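> I'd like to ask you about the structure that follows.
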Amino acid sequence: MSPAASFRSKLQILVTVEPWRLALGLGILFVLVSLAQPFWSISRLEGTDRETASFAWTTFSMERYESGVWSETTVLPYAFAQFLFPHVAGVAGNAYVLEGVFLLVLVAILGLFLLGYSHKLPTFSLLIVSLIVLASALFALFYPIVAIPAAATTDVVRFTVGGFWGSAPDGSVEWSWGPGLGWWLLLVGVVLGLVGTVLPYLRSIRRMAPSSSVATRPSS
């Protein structure tokens with residue numbers, strides 16, 4: 001088979017995949033990749049020198065730039081004795097655990113649907129499945145938004161971290177913070193996972209809807 005014919009064959013297979021299955025598969029992929037990315041970061045800018053601290057699942061990395069040029073990157077485990085952000089590290093670890101739970105939920109739902117349960121389950125059961133995915137997604141996505149600002153304020157002490165992203169002056173130093181790539185990938189995974197779960201439920205509702213066609217009686 002020529003490369004062009006092979007490509008067309010794979011493209012046809014992709015096109016024929018049910019949308020919910022494709023959405024769930026992509027959602028799982030995005031969440032899986034997000035587990036390897038930093039979830040949140042905070043930067044300290046003084047003149048032209050910047051330090052950016054990024055929080056992953058079990059490690060903390062500090063990137064230093066002097067006069068806009070990269071100087072060094074330090075990676076430390078959260079168990080490091082002189083770690084500066086213990087409360088943020090605790091929240092980040094919990095956030096990754098919730099994200100892992102959400103990933104397992106998506107994998108389980110995809111497995112059930114691949115076995116044909118998306119066609120066999122009644123509408124109410126599909127609604128319950130959608131609510132389970134929604135609940136796990138909201139916990140994974142919004143827990144760090146609520147918990148990280150208070151934890152970061154406790155660690156920094158000198159000013160209030162007023163939100164999941166923002167900035168604040170501290171004398172001659174400008175602080176800024178916000179979600180890392182891991183959180184944004186999780187957001188995309190949540191959207192795709194919800195789409196992939198809700199579509200079978202909506203299809204089930206559509207099957208339950210009465211036909212719009214009206215039978216006509218022959219005139220006597």
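The values are calculated or read from the model by the stated rules, or taken from the named source; none is laboratory data. In this text, all values refer to a predicted model and were calculated from it rather than measured experimentally. Reconstructed Cβ throughout: ideal geometry from the backbone, glycine too, with neighbour counts over all protein chains shown.
> Which pairs turn up if I take residues in the range 88-104 that are within 19 Å of V133 (Cβ to Cβ) and without any contact (Cβ under 8 Å) to a residue 40 or more places away in the chain and look for partners that are part of a helix (DSSP H, G or I) and among the hydroxyl-bearing types (S, T, Y) with beta carbon separation below 7 Å, at least 6 apart in sequence or on another chain?
V101/S136
> Just to be sure I understand the filter: pairs with C-beta atoms under 6 Å, separated by 6 or more residues or on different chains, first member in the range 47-70 and free of Cβ contacts under 8 Å to residues at least 24 places away in the same chain, second member among the β-branched types (V, I, T) and part of a loop (DSSP other than H, G, I, E, B). Which pairs pass?
Correct list of pairs: S67/T48; G68/T48.
> Scanning for something touching a Phe, Trp or Tyr at 6+ places or on another chain (Cβ under 8 Å) and modelled with pLDDT of 90 or more, does the range 7-23 turn up at least one residue?
Within the range 7-23, the subset touching a Phe, Trp or Tyr at 6+ places or on another chain (Cβ under 8 Å) is 20-21.
Those left that are additionally modelled with pLDDT of 90 or more: none.
No, every residue in the range 7-23 fails to be touching a Phe, Trp or Tyr at 6+ places or on another chain (Cβ under 8 Å) and modelled with pLDDT of 90 or more.
> Give, as residue ranges, the strands (runs of 3 or more DSSP E) completely inside the range 37-152 that count at least 3 residues that are in contact with a helix residue (DSSP H, G or I) (Cβ under 6 Å, 6 or more places away or on another chain).
On the way: elements: 40-46, 49-55, 59-66, 69-77.
Here the list is empty.
> To continue, here is another question. If you take the residues of the range 163-201 that are hydrophobic (A, V, I, L, M, F, W, C), crowded, with 19+ Cβ neighbours inside 10 Å and in contact with a Gly (Cβ under 7 Å, 6 or more places away or on another chain), which of them is nearest to R21 (Cα to Cα)?
The extreme case among them is L192.
> Go over the candidates R50, R44 one by one and state the one that is modelled with pLDDT of 85 or more and buried (at least 19 other Cβ atoms within 10 Å of the Cβ). Break it down into steps so the answer makes sense when it comes.
Working: R44 fails: buried (at least 19 other Cβ atoms within 10 Å of the Cβ).
The unique qualifying residue is R50.
> Residue under question is L134, and the condition is that it be within 17 Å of F30 (Cα to Cα), surrounded by fewer than 18 Cβ atoms within 10 Å (Cβ to Cβ) and either touching a strand residue (DSSP E or B) at 6+ places or on another chain (Cβ under 8 Å) or not aromatic (F, W, Y) (or both); does it hold?
Details: within 17 Å of F30 (Cα to Cα): yes; surrounded by fewer than 18 Cβ atoms within 10 Å (Cβ to Cβ): yes; either touching a strand residue (DSSP E or B) at 6+ places or on another chain (Cβ under 8 Å) or not aromatic (F, W, Y) (or both): yes.
For L134, the condition - within 17 Å of F30 (Cα to Cα), surrounded by fewer than 18 Cβ atoms within 10 Å (Cβ to Cβ) and either touching a strand residue (DSSP E or B) at 6+ places or on another chain (Cβ under 8 Å) or not aromatic (F, W, Y) (or both) - is met.
> Tell me, please, whether a residue that is out of contact with any Gly (no Cβ under 7 Å at 6 or more places or on another chain), surrounded by fewer than 14 Cβ atoms within 10 Å (Cβ to Cβ) and more than 23 Å from L187 (Cβ to Cβ) can be found in the range 91-110.
No.
> What number goes with the only condition from (1) under 17 Å from S54 (Cα atoms); (2) within 18 Å of the chain's Cα centre (by Cα); (3) among the small types (G, A, S) that S176 does not pass?
So the condition that S176 fails would be (2).
> Let me ask something additional. Taking L26, is it modelled with pLDDT of 90 or more and more than 30 Å from F85 (Cβ to Cβ)?
yes
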